[in-house]
1. When you check residue 306 against the structure, is it at pLDDT below 80, among the aromatic types (Phe, Trp, Tyr), out of contact with any His (no Cβ under 7 Å at 6 or more places or on another chain) and within 30 Å of residue 369 (Cα to Cα), yes or no?
2. Can you tell me which condition residue 556 does not meet? The list is (1) touching a helix residue (DSSP H, G or I) at 6+ places or on another chain (Cβ under 6 Å); (2) of a type outside the set (Ser, Thr, Tyr); (3) open to solvent by 30 Å² or more (accessible area, probe 1.4 Å), and all the others hold.
3. Restricting attention to the range 243-275, which residues are assigned to a loop (DSSP other than H, G, I, E, B) and within 22 Å of residue 285 (Cβ to Cβ)?
4. Kindly provide the set of residues from the range 503-515 that are more than 16 Å from residue 406 (Cα to Cα) and not in a loop (DSSP other than H, G, I, E, B), ordered by number.
5. What pairs come out if I take residues in the range 160-174 that are touching a residue at least 40 places away in the same chain (Cβ under 8 Å) and pair them with residues that are among the acidic types (Asp, Glu) whose C-beta lies under 7 Å away, six or more apart or interchain?
6. Restricting to the range 47-56, name every residue that is touching a residue at least 24 places away in the same chain (Cβ under 8 Å) and not aromatic (Phe, Trp, Tyr).
7. Could you say which residue among 606, 582 is under 30 Å from residue 757 (Cα atoms) and either over 18 Å from the mean Cα position of the chain (by Cα) or aromatic (Phe, Trp, Tyr) (or both)?
8. When you check residue 586 against the structure, is it assigned to a loop (DSSP other than H, G, I, E, B) and either more than 29 Å from residue 736 (Cα to Cα) or of a type outside the set (Phe, Trp, Tyr) (or both), yes or no?
Amino acid sequence: MLHSIKKMISGEVIELKQLKKIVSKINALEDSFTNKTDLELQSYTTSFRDQLNNGATPEEIMLEAFAVVREASKRVLGKRHYDTQLMGGAVLTQSQIAQMQTGEGKTLVATLPAYVMALHGKGTHIITANEYLASRDFEEMKPLFEFLGLTVGLNISGIESDEKQAAYNCDITYGTGTEFGFDYLRDHMVQSEDQLVQRPLFYALIDEVDSILIDEARTPLIIAGKSNASLNLFPIMQLVISSFKDEEDYNYYPETKQIVLLDNGADRLEEAFGIDNVYDREHREFMHIAMQTLRAKVVMRKDVDYIVKDDKVMIVDPYTGRIMEGRTFSDGLHQAIEAKEKVSIKEENNTQASIMIQHYFRLYKHVSGMTGSAVPSRDEFWETYNLRVTEIPTNKPNKRIDMETLVYLKYEDKMKKIVEETQKYHETGRPVLIGTTSIEQSEKLSSYLKERSIEHSILNAKTVEDEAELISQAGQMNKIMLATNMAGRGTDINLGEGVAELGGLHIIGTELHSSARIDMQLRGRGGRQGDPGSSQFIISLEDELFNYYDEEEFAKYKNKLKTDGSGLVISSNPIKFVYNVQNVIEGMHFSSRSHLLKLDDINNDQQRVMYNYREKALKVENMQMLIIDAMHERLNNLIDELAENDVHESSILNEIMDEIKIISMLTSFESDSFTSLDSENKGQLKNALEAVYEKAFEIVNMTSSDSEDWRNIQSYYTETLDRLWIGHLDNLHHLREGISIRGYGQEDPYRLYSFDALHLFQGMLHTFFRDVIRYNLQVNGVKEEQ
């Protein structure tokens, strides 16, 4: 038996046969655990902890641990884990992904691996898609974990630092991926060790894992500070660019969302602002604002990419339709949209710290996840995270009927059919849930239904406060609800009285999403836990998905298709064509995420080095040793530069000559030989460098290690590192902007980026070493004189 469980962590996909054997073993223990008292049941937590501390592995305690959790859940929550939930728990305990259909009780499944992994005492983080779900699951499962002797915390935005510390010190902590990620970044900006909130990252159990690790993967978590950039230019630029026309002033490429300014557009800018040449170096910031204003006009769409509410531009998550609270578009784009929408323009933010969601979760020692739609992204999970996907069967047979997709040529014909189908099912009393890809689409469809006097509710990001209550009512008789993609996440839809007899909830999808996984989630809202139900997608070739497909191929297909009298495409093979388009677009997004990952692997390696220096400064008892290390690094680098470069390289010679003069001045070390240095004599320069640094080492070593001055130096050390890192992030951003252009030179753009990024990083570190050495000598050199 143990061999079967160990085989599960060898990198192989877990077979259903193996899982059934594990479940049989757990079921065989059930009667014996049912007969135990509460105290006997609770005593297992201490026993399991002792076993793990003495070298046992999670798989060696898993069978009994699951039996304990199941029995405790029966007593505390009145819920008994199904066999399929035990299967899911076994997969998750082995740091893999369990695909479990919507409605299979993933919240309860999470208690199994969370309990086992929390017994290590190193922190288990349960990651949910939003703070509402985090709070709900925390409140619901807290009694179970506390019954078993574990502490449970809730980490949400807006709570104080001491509350966060308390939450992270618990055995199990609920929260969102973004909040955990932001805490990680904030921890690397604090000025003292007692301000840290997180422990080393051990185990993350991610609910809706595809949403967090794939859909949000291209969105970096950014902590920003205020920029000094003038805000006055944005509204003026908006007035000028608002009249620009495609193919006259600029070219727009919707497949890649790239914009190229044409000569006519450049001429208009020069005329409007009295500039001779907008491409001159001195106008670089001006041109940046111009292009961001053009992007706001052409690419960014109200009620799709953002909404305007309470004099604010608020970002809409393209995958869920929810408002992304506290997020702003970066690099001046947010200010450009504010000018476009004529709301108050807020100061632009500069990046102070950032990390991709992909990289944050790769910092955990163990990661596992659950979702109803992992299989389509099986390859990406393995390539990016080394996570295998195992499909778990449903507890009851799936009775939902998934009808064939209908493809219309025209948008209007599609909408007509959707209204007809909605009316047809509504007349039978069956509830209808209509899924859309954006707020804009929800509101358009709503207007069509109103024309037919069909009563309905809208659930989208503008009514997020009521979403849980609204979506829970979607299964009631005669109910019609329109919802964005968030309808597929988090909240159960229970059928009202008599609805099952009518055929259950009917789902209508109005567009294919760029990811098949999102469509799976929408279908999964019907037919939960053996309920009857049905689903159908009704789409058109004018839907947004097809804007990203190759224009020539699309035109070829449309030229040969045939429709019936209602506009329905009947040939040639519309189903095959539209799903092929979806696969192509999904592949493009995968490539984009892979592209970003390659670049961010480089950035992330540098960030780890920087954070390591910072962590040492916060935790070291003796700053003296860190300064001595910095001095060795600086000296060795200068000597290497001297040896590797031509003596006639003026920039290097100037740097070394300046270093000798400045260090000798700060150490009050005078030598006649310094006044007669031969700048072309490498040996003489090397000897002079070593001499001044020898005096510097002497001063630092003589300084008392418990001196009050070391506290000031520690503060300067971290502040200087932070300041230089912020500038370095900006340099990397500009370097990345040019990577695709450089790739045309038949050289690997990633290799070029890696080389240049390393060069920039080394330069940043040497500037850092230089500054902290000089500050230290200024402080301690003065004391030496006294």
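1. Working: at pLDDT below 80: no; among the aromatic types (Phe, Trp, Tyr): yes; out of contact with any His (no Cβ under 7 Å at 6 or more places or on another chain): yes; within 30 Å of residue 369 (Cα to Cα): yes.
Against the criterion (at pLDDT below 80, among the aromatic types (Phe, Trp, Tyr), out of contact with any His (no Cβ under 7 Å at 6 or more places or on another chain) and within 30 Å of residue 369 (Cα to Cα)), residue 306 does not qualify.
2. Going through (1) touching a helix residue (DSSP H, G or I) at 6+ places or on another chain (Cβ under 6 Å); (2) of a type outside the set (Ser, Thr, Tyr); (3) open to solvent by 30 Å² or more (accessible area, probe 1.4 Å) one by one, residue 556 breaks only (1).
3. In the first step, residues of the range 243-275 are kept if they are assigned to a loop (DSSP other than H, G, I, E, B); the result is 243-245, 247-249, 254-257, 262, 274-275.
The answer is 244, 249, 262, 274, 275.
4. In the first step, residues of the range 503-515 are kept if they are more than 16 Å from residue 406 (Cα to Cα); the result is 503-505, 514-515.
Matches in the range 503-515: 505 only.
5. Pairs found: 174/137.
6. Initially, the range 47-56 is screened for residues touching a residue at least 24 places away in the same chain (Cβ under 8 Å), giving 48-49, 52.
49, 52 - these are the residues of the range 47-56 that are touching a residue at least 24 places away in the same chain (Cβ under 8 Å) and not aromatic (Phe, Trp, Tyr).
7. Details: 582 fails: under 30 Å from residue 757 (Cα atoms).
Among 606, 582, only 606 is under 30 Å from residue 757 (Cα atoms) and either over 18 Å from the mean Cα position of the chain (by Cα) or aromatic (Phe, Trp, Tyr) (or both).
8. Details: assigned to a loop (DSSP other than H, G, I, E, B): no; either more than 29 Å from residue 736 (Cα to Cα) or of a type outside the set (Phe, Trp, Tyr) (or both): yes.
Considered against the rule, which asks whether it is assigned to a loop (DSSP other than H, G, I, E, B) and either more than 29 Å from residue 736 (Cα to Cα) or of a type outside the set (Phe, Trp, Tyr) (or both), residue 586 comes out as no.
The values are calculated or read from the model by the stated rules, or taken from the named source; none is laboratory data. Keep in mind the model is a prediction, meaning the values are calculated, not measured. Quick reminder, even Gly has a Cβ in these numbers, built from the backbone with ideal geometry, and neighbours come from all protein chains shown. For the accessible areas, the whole protein counts, side chains as well, though only heavy atoms, and no ligand, DNA or RNA atoms are used. Shrake-Rupley method; radii C 1.70, N 1.55, O 1.52, S 1.80 Å.
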